[in-house]
Amino acid sequence: QKEVEQNSGPLSVPEGAIASLNCTYSDRGSQSFFWYRQYSGKSPELIMSIYSNGDKEDGRFTAQLNKASQYVSLLIRDSQPSDSATYLCAVNTGFQKLVFGTGTRLLVSP
Amino acid sequence: NAGVTQTPKFQVLKTGQSMTLQCAQDMNHNSMYWYRQDPGMGLRLIYYSASEGTTDKGEVPNGYNVSRLNKREFSLRLESAAPSQTSVYFCASSARDGYYEQYFGPGTRLTVT
C-alpha cells in the first residue's frame, strides 16, 4: 500500500464549479499535511497547509483534514481555467521528510 | 528574496559523464532536499540534509552523491550519468519547525543520452 494515495484523474470540472480533490495516507502518526499545485513544466508551489482536524480556508481554497479516517481533501470554489494543474498531496510522517502522492490532474473547462 | 534557486535549468549529458547540480536558498532554512520527478512516479526523495553538516539517503540514492556546503547550499552530483537518470530534479528547503513545509526551486531538466 502506498503511503499517500491520490486519484490520478483527470478531474474535469466546468468553470465556476467546485473542484474536490482527495488524498488518503497510511501513517496514523502523520502530523502535518500539505497541498501543492504544479503547472506543467513548473515546480510544485505550496498552496495550503493543515495541521489539525477540521477545515482551513484561504480564499477560494479549503483544506479538510480527518485524522480518524486518514483523509485530506482540497476544495477549490469558483474554479477557473487557471486552476488547471496537477495537485500534489504531501504528508509529514516524521523524520523531517514529506511523502508525496503522485498527484491529481485537474482540468477546468471554460 | 529569491527563495530557492537551482542551476543549470537544462542539461544534456552523455552516458558516463559527470555533473553537479547546484541549489541555494536564502530563507535561512535548516533542511534541504533533492528530489527527482518522473512521469507517473511522482516526486521521489534522493537525499536530504536536516541541518548543516548532515546528509541522509532518501528513497532513490543510488548513483548520486550530495554535499551540504553550508547552510545555504546543497549540491547533487552524478558521478557517471546513466540514461535512467534522465529526469527533472528539484531542490527544496524547509524550516525545522516541526511542520516541515517545503519550498521548491524551479528545477533542472536533465537528459542523459
* To do: Looking only at segment B:27-43, decide whether some residue is surrounded by fewer than 21 Cβ atoms within 10 Å (Cβ to Cβ), aliphatic (A, V, I, L, M) and part of a strand (DSSP E or B).
  => no
* Does at least one position in segment B:71-91 carry a residue that is modelled with pLDDT under 95 and in a strand (DSSP E or B)? -> no
* Asked: Does segment B:73-94 contain at least one residue that is within 27 Å of A:GLU3 (Cβ to Cβ), touching a residue at least 24 places away in the same chain (Cβ under 8 Å) and of a type in the set (D, E, K, R)?
  -> no
* Asked: Pick from segment B:1-19 the residues that are more than 14 Å from the chain's Cα centre (by Cα) and over 16 Å from B:PRO106 (Cα atoms): which of them is surrounded by the most Cβ atoms within 10 Å (Cβ to Cβ)?
  -> B:LEU13
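Can you report the number of residues in segment A:49-73 which are among the polar types (S, T, N, Q), part of a loop (DSSP other than H, G, I, E, B) and at negative phi? Give the derivation first.
Of segment A:49-73, the ones among the polar types (S, T, N, Q) are A:49, A:52-53, A:62, A:64, A:66, A:69-70, A:73.
Checking the rest, the ones that are also part of a loop (DSSP other than H, G, I, E, B) come to A:52-53, A:69-70.
Of the ones still in play, those that are also at negative phi are A:52-53, A:69.
The total comes to 3.
Please work out if B:ALA24 is within 9 Å of chain A (Cβ to nearest Cβ), crowded, with 16+ Cβ neighbours inside 10 Å and touching a residue at least 12 places away in the same chain (Cβ under 8 Å).
On the way: within 9 Å of chain A (Cβ to nearest Cβ): no; crowded, with 16+ Cβ neighbours inside 10 Å: yes; touching a residue at least 12 places away in the same chain (Cβ under 8 Å): yes.
In short, no.
Quick one: in segment B:20-56, of everything that is among the small types (Gly, Ala, Ser) and over 14 Å from the mean Cα position of the chain (by Cα), which residue is nearest to B:SER94 (Cα to Cα)?
First, the residues of segment B:20-56 that are among the small types (Gly, Ala, Ser): B:24, B:31, B:40, B:42, B:49-51, B:53.
Restricting the remaining residues to those that are over 14 Å from the mean Cα position of the chain (by Cα) gives B:40, B:42, B:51, B:53.
On the way: B:GLY40: 25, B:GLY42: 19, B:SER51: 10, B:GLY53: 16 Å.
Step by step, filter segment B:20-56, then rank; the result is B:SER51.
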* Asked: Restricted to segment B:62-88, and to residues that are surrounded by fewer than 16 Cβ atoms within 10 Å (Cβ to Cβ) and closer than 30 Å to A:GLY9 by Cβ, which residue is farthest from the other protein chains (Cβ to nearest Cβ)?
  -> B:PRO83
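What tally of residues in segment A:92-110 results from selecting those that are part of a strand (DSSP E or B) and either modelled with pLDDT under 95 or facing chain B (nearest Cβ under 10 Å) (or both)? Please lay out each step first, then the result.
Step one: of segment A:92-110, the residues part of a strand (DSSP E or B) are A:92, A:98-100, A:104-109.
So of that shortlist, the ones also either modelled with pLDDT under 95 or facing chain B (nearest Cβ under 10 Å) (or both) come out as A:92, A:98-100.
The total comes to 4.
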* Asked: So, in segment A:55-70, of the ones that are surrounded by fewer than 18 Cβ atoms within 10 Å (Cβ to Cβ) and small (Gly, Ala, Ser), which residue ends up nearest to the other protein chains (Cβ to nearest Cβ)?
  -> A:GLY59
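To keep it simple, each residue is scored yes or no on (1) under 21 Å from B:SER93 (Cβ atoms); (2) surrounded by 13 or more Cβ atoms within 10 Å (Cβ to Cβ).
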| site | (1), (2) |
| --- | --- |
| A:VAL13 | no, yes |
| A:ASN22 | no, yes |
| A:ASP27 | no, yes |
| A:ARG37 | yes, yes |
| A:LEU46 | yes, yes |
| A:ASN53 | no, no |
| A:VAL72 | no, yes |
* Asked: Can you name the number of the only condition in (1) among the β-branched types (Val, Ile, Thr); (2) closer than 30 Å to B:LYS9 by Cα; (3) more than 10 Å from chain B (Cβ to nearest Cβ) that A:ILE18 fails?
  -> (2)
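Scan segment A:30-46 for residues that are in a loop (DSSP other than H, G, I, E, B) and either at pLDDT 95 or above or more than 8 Å from every other protein chain (Cβ to nearest Cβ) (or both) and jot them down.
First, pick out the residues of segment A:30-46 that are in a loop (DSSP other than H, G, I, E, B): A:30-31, A:39-44.
Across segment A:30-46, the qualifying residues are A:SER30, A:TYR39, A:SER40, A:GLY41, A:LYS42, A:SER43, A:PRO44.
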* **Residue list for segment B:61-70, restricted to those being among the aliphatic types (A, V, I, L, M) and at pLDDT 95 or above** => B:VAL66
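The values are calculated or read from the model by the stated rules, or taken from the named source; none is laboratory data. Since the model is a prediction, treat every value here as computed from it, not as a measurement. Ideal geometry is used to build each Cβ from the backbone, glycine not excepted, and the neighbour counts take in all protein chains shown.
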